Amino acid sequence: MTELLLSLHVLAAIMAVGPVAVAASMFPATLRRVVDARAGDDLPALRTLHRVCRVYAGVGIAVPLFGLATAADLGVLGDAWVISSIVLTAAAAGVLALVILPAQERVLAETEKAGPLPPSHRLALPTGVFNLLWATVTVVMIIRPGSTTGV
């Protein structure tokens with residue numbers, strides 16, 4: 001059962017977090033093109049990138065669910081590497097849900113209006129933080145500092 005849960009956990013991470021990381025990273029550059037050109041040619045791409053972030057964020061809920069199930073099956077829920085991964089995952093989810101997605105929605109709403117276009121630099125930093133948090137979770141999951149399971 002552990003192998004199945006771990007496989008589902010890893011597949012969910014690759015299939016859900018990967019698209020969010022890429023789309024969120026592309027959003028600021030696409031927004032800059034919209035702002036600099038003052039043209040709506042890239043607006044459909046901007047909308048699509050936001051939709052990918054929003055939809056795959058929902059799908060991404062499977063990642064910690066399968067992770068918790070795997071950790072419980074292995075009996076390592078109290079291990080430091082699992083706890084730190086949970087904290088980092090919660091931080092990444094918080095950055096995405098509370099900062100990135102709302103900012104993308106605001107920017108899209110402002111960009112679609114006829115008024116002045118929003119500044120394009122405010123999304124790059126939280127997106128970088130989000131990606132760095134997930135990269136750190138990945139490294140912690142691979143190295144598993146303090147693990148005694150040998151798995």
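The values are calculated or read from the model by the stated rules, or taken from the named source; none is laboratory data. Everything quoted here is computed from the prediction, not taken from an experiment. Note: ideal-geometry Cβ built from the backbone for every residue, glycine included; neighbour counts use all protein chains shown. Surface areas here come from the heavy atoms of the whole protein model, side chains and all, with no ligands, DNA or RNA. Shrake-Rupley method; radii C 1.70, N 1.55, O 1.52, S 1.80 Å.
Going by the conditions given, is residue 26 farther than 24 Å from residue 124 by Cβ and open to solvent by 70 Å² or more (accessible area, probe 1.4 Å)?
Details: farther than 24 Å from residue 124 by Cβ: no; open to solvent by 70 Å² or more (accessible area, probe 1.4 Å): yes.
Criteria not met by residue 26.
Select from segment 112-144 the residues that are modelled with pLDDT under 80 and either within 29 Å of residue 9 (Cβ to Cβ) or over 19 Å from the mean Cα position of the chain (by Cα) (or both) and list them in ascending order.
Result: 112, 113, 114, 115, 116, 117, 118, 119, 120.
Which ones in segment 81-111 are of a type outside the set (Ser, Thr, Tyr), under 19 Å from residue 140 (Cα atoms), open to solvent by less than 50 Å² (accessible area, probe 1.4 Å) and more than 11 Å from the chain's Cα centre (by Cα)?
Answer for segment 81-111, where residues must be of a type outside the set (Ser, Thr, Tyr), under 19 Å from residue 140 (Cα atoms), open to solvent by less than 50 Å² (accessible area, probe 1.4 Å) and more than 11 Å from the chain's Cα centre (by Cα): 81, 82, 88.
For segment 30-70, which residues satisfy the criterion of being more than 17 Å from residue 104 (Cα to Cα) and under 20 Å from the mean Cα position of the chain (by Cα)?
Those that are more than 17 Å from residue 104 (Cα to Cα) and under 20 Å from the mean Cα position of the chain (by Cα): 59, 60, 61, 62, 63, 64, 65, 66, 67, 68.
How many residues are in contact with a helix residue (DSSP H, G or I) (Cβ under 6 Å, 6 or more places away or on another chain), more than 15 Å from residue 14 (Cα to Cα) and open to solvent by 60 Å² or more (accessible area, probe 1.4 Å) when one looks only at segment 57-80?
Adding up the residues that qualify gives 2.
Could you tell me whether residue 76 is over 18 Å from the mean Cα position of the chain (by Cα), of a type in the set (Val, Ile, Thr), modelled with pLDDT under 95 and not in a helix (DSSP H, G or I)?
On the way: over 18 Å from the mean Cα position of the chain (by Cα): yes; of a type in the set (Val, Ile, Thr): yes; modelled with pLDDT under 95: yes; not in a helix (DSSP H, G or I): yes.
In short, yes.
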